[in-house]
1. Read through the list (1) modelled with pLDDT under 90; (2) at negative phi; (3) facing another protein chain (nearest Cβ under 7 Å), then give the number of the only condition that residue C:140 fails.
2. Since residue A:37 meets every condition but one in (1) surrounded by 21 or more Cβ atoms within 10 Å (Cβ to Cβ); (2) more than 10 Å from every other protein chain (Cβ to nearest Cβ), which condition does it not meet?
3. Does any residue of the stretch B:50-60 turn out to be facing chain C (nearest Cβ under 10 Å), loosely packed, with under 13 Cβ neighbours inside 10 Å, in contact with a helix residue (DSSP H, G or I) (Cβ under 8 Å, 6 or more places away or on another chain) and modelled with pLDDT of 90 or more?
4. Report, ordered by the first and then the second residue, all pairs with beta carbons closer than 8 Å, sequence separation of six or more or different chains, a first member in the stretch B:160-172 that is farther than 16 Å from residue B:182 by Cα, and a second member that is surrounded by 19 or more Cβ atoms within 10 Å (Cβ to Cβ) and modelled with pLDDT of 90 or more.
5. Which numbered condition in (1) more than 9 Å from chain C (Cβ to nearest Cβ); (2) crowded, with 17+ Cβ neighbours inside 10 Å; (3) modelled with pLDDT of 90 or more is the only one that residue A:14 fails?
6. For residue C:213, state whether it is away from chain B (no Cβ under 13 Å) and outside any helix (DSSP H, G or I).
7. From the set of residues in the stretch A:32-47 that are assigned to a helix (DSSP H, G or I) and farther than 17 Å from residue C:45 by Cα, which is nearest to the chain's Cα centre (by Cα)?
8. Quick one: in the stretch B:7-34, of everything that is out of contact with any helix residue (DSSP H, G or I) (no Cβ under 9 Å at 6 or more places or on another chain) and not in a helix (DSSP H, G or I), which residue is nearest to the other protein chains (Cβ to nearest Cβ)?
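The values are calculated or read from the model by the stated rules, or taken from the named source; none is laboratory data. Keep in mind it's a predicted model, so treat the numbers as computed, not measured. Ideal geometry is used to build each Cβ from the backbone, glycine not excepted, and the neighbour counts take in all protein chains shown.
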């Protein structure tokens, strides 16, 4: 399925996939975990999490199942698929390159090869 | 606890496909229940040929749907019957096919072998009315028997056919139609209820060219359906 | 969803797009999911989002015990973000077409079943094969099926100990014509009081069930090496024993993908070494020859 370009380009996809790497989670749980891990730096608009999750599920990067919560309500849990793991790896390496590139620029090009 | 699954779990897409496949299968069964109707006359004709193991012949006449009356009485209100006819020309035979549009699956194929016919021109009676092909001046309720004359000599422009019945002589004329044939439509005899009254009767056929010169005169007996 | 519509809807017209402050949980969910046109999908997404809202609200009330439920709800809704933005994104993802197609496929399947029930197919009123006494789904045994359900007919073709059975051959000569497979399956030769009787079983196969092959008796010509020409049908005369036709071509089975025929000749020339079937209106469409060597079974 054709994904929204903004969706894929943004790091939110990578964050969501990373969260699920450590285990199956449901939506609210992901928001909490994201906030906890980033020490409250990442506090995304919670509603926009779900379009990301649904998009990834449609693309077969995630699968889902329902489980009853202690409160009695049904919760939809998301799980990373093999295809999703591959995407995550890809996203991570992309991020690495980007991250290194930014760092190099910030460090004044100290690591860059010099051409004279 | 994992549930045992004997069939793969289908998502909505899979279920849709499964349903549609099922519908297709059921549609085939429904189609078969109605006698496997086909949309066009030509398809029906070809199917009939294949059913009888015949190679495809050249279609020389196709009448389309025509409504005819069974009875020859002009004032007798009779139910109208719709028929479609096709005449195909094979190597040494002609096949006439008509479809009874009102009866499910009722259709018939008659084969006229040329082997038994002497003479250059071969005849193939069409045992049901073909008034439509003769143009609009044929009243709809007139039923007639038509005899097609095939394998005409080159240059034939029109022809006339005379059939001798017990009570008298019937003569009809015809222009040469598309696919090189003449169609002689004999009106039904007053005392004949069957459409095959023309079978087995002696005939004389004369063919003329554009200028009116006689090209061929042929006599013989109108073939009888085997 | 068009921007004008929000002005008409009941609970929404007080709040503009920019002023989210007035939305309660129900309203937020309504706006956010309204873009999903297929109802079951919408309900499922709504439930998921509603669960999230409730969790958030419960959490807030847990952390701030003096907060009122309404305040907690308002804050929860606020943290969810712009309902219209979410609506746009969800609408793009949850396209209704597959849902509509699925519904259609269910309706069609039910209709088709009802139609068949109406035609009486499940009752057994199968118009396709139905009342036909020759009908069988498939020619399992490679034997003709006869209207008279006597076992004798079948055994005729099978090799046995009866001394009167001179030949029982399993043939397989096949010709492929007009998309059909015409095959001479079996032959049996019997010595009867009045003479030699020959039985042949032919079958026509095609997967195109709408044009099963048919044979016409008048097109079947049977000859032998002695120059005899055996007439089939009424003109062959009657058998002295039971008054049935001497020689004929009869139906011997009918199914969706096959039709079977029997040819029987009951005044066969005793000196005949082989017989030949030629079938066609003029030139033969197919021919089969059967050797009649006595003593072979």
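1. Of the numbered conditions (1) modelled with pLDDT under 90; (2) at negative phi; (3) facing another protein chain (nearest Cβ under 7 Å), the odd one out for residue C:140 is (3).
2. (1)
3. Looking only at the stretch B:50-60, we keep the residues that are facing chain C (nearest Cβ under 10 Å), and these are B:50-56.
Then drop every residue that is not loosely packed, with under 13 Cβ neighbours inside 10 Å, which leaves B:55-56.
The next check asks that each one be in contact with a helix residue (DSSP H, G or I) (Cβ under 8 Å, 6 or more places away or on another chain); those that pass are B:55-56.
Subset that is modelled with pLDDT of 90 or more: B:55-56.
The answer is yes, given that some residue of the stretch B:50-60 is facing chain C (nearest Cβ under 10 Å), loosely packed, with under 13 Cβ neighbours inside 10 Å, in contact with a helix residue (DSSP H, G or I) (Cβ under 8 Å, 6 or more places away or on another chain) and modelled with pLDDT of 90 or more.
4. Going by the 8 Å Cβ cut-off, the qualifying pairs are B:164/B:203.
5. Answer for residue A:14: the failing condition is (3).
6. Numbers: away from chain B (no Cβ under 13 Å): no; outside any helix (DSSP H, G or I): yes.
So residue C:213 does not fit the description; no.
7. From the stretch A:32-47, those assigned to a helix (DSSP H, G or I) are A:32-37, A:46-47; that's our starting set.
Those left that are additionally farther than 17 Å from residue C:45 by Cα: A:32-37.
Working: A:32: 14, A:33: 12, A:34: 10, A:35: 13, A:36: 15, A:37: 13 Å.
Per the stated criteria, the residue is A:34.
8. Among residues in the stretch B:7-34 that are out of contact with any helix residue (DSSP H, G or I) (no Cβ under 9 Å at 6 or more places or on another chain) and not in a helix (DSSP H, G or I), the one nearest to the other protein chains (Cβ to nearest Cβ) is B:11.
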